[in-house]
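For reference, the structure discussed in these notes is given below.
The values are calculated or read from the model by the stated rules, or taken from the named source; none is laboratory data. Owing to the predicted nature of the structure, the values given are computational and were not obtained by experimental measurement. Positions of Cβ are generated from backbone atoms using ideal geometry, with glycine treated the same way; all protein chains shown enter the neighbour counts.
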Amino acid sequence: MTFKDLKKRVTLELTQQQSKLSERLYNKPFWIWNVEQHKLEDIKTDGDCCFNHIIGLPQKDGNDKPFYDYEQLIFDFLVTQNSNKHLWIKKATGLGISEFMLRFMAWLCLNLNFCYTSDNCISFFGYSRVRVNVLLMHKS
């Protein structure tokens, strides 16, 4: 086996893994906000109940964290408003909003019901006062 053959094989395996993950994530809800429904769907799908359980829950200090009520408010605003999709959040550090927004944007990229062509932009202002812009543009 040559290096070229090995590269083809590794590329093929990675593509197959990505395809399987895409199939698992396709059309899954971002999160099931009703606890009882979430438990039932978790049992029914053997852990593939929602986008966040498939990719893994957010963690803080090595512990899995669920989504909180304030994150549900943000989610509801983003998916139910029919006009201006601009949202500005002034927040304290450590609330997990940045993680939430990045997960939400990733979910949008994989969920055809919500996203055909759009641009997403999120700006972070860190403690070091260095501005980092993350621009994610996706088109179907």
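Apart from one condition, Met1 fits all of (1) among the hydrophobic types (A, V, I, L, M, F, W, C); (2) assigned to a helix (DSSP H, G or I); (3) at pLDDT below 80; the exception is (2). None of Asp48, Asp76 is among the acidic types (Asp, Glu) and part of a loop (DSSP other than H, G, I, E, B) except Asp48. Has segment 47-67 got any residue that is loosely packed, with under 11 Cβ neighbours inside 10 Å, within 14 Å of the chain's Cα centre (by Cα) and either of a type outside the set (Ser, Thr, Tyr) or closer than 23 Å to Leu102 by Cα (or both)? Yes; the residues of segment 47-67 include at least one that is loosely packed, with under 11 Cβ neighbours inside 10 Å, within 14 Å of the chain's Cα centre (by Cα) and either of a type outside the set (Ser, Thr, Tyr) or closer than 23 Å to Leu102 by Cα (or both).
Each residue in segment 75-94 was checked for being modelled with pLDDT of 85 or more, closer than 28 Å to Leu21 by Cβ and over 14 Å from the mean Cα position of the chain (by Cα), and 1 pass.
Checked against (1) farther than 16 Å from Met105 by Cα; (2) part of a loop (DSSP other than H, G, I, E, B); (3) touching a residue at least 24 places away in the same chain (Cβ under 8 Å), Phe67 passes all but a single condition, namely (1). Within segment 36-55, residues that are among the β-branched types (Val, Ile, Thr) reach partners that are surrounded by 12 or more Cβ atoms within 10 Å (Cβ to Cβ) and at pLDDT below 95 with beta carbons closer than 6 Å, at six or more positions or on different chains, in the pairs Ile54/Arg24; Ile54/Leu25; Ile54/Asp48.
Out of the residues in segment 16-36 that are in a helix (DSSP H, G or I) and of a type outside the set (S, T, N, Q), which is surrounded by the most Cβ atoms within 10 Å (Cβ to Cβ)? Looking at the filtered set, the residue picked out is Leu25.
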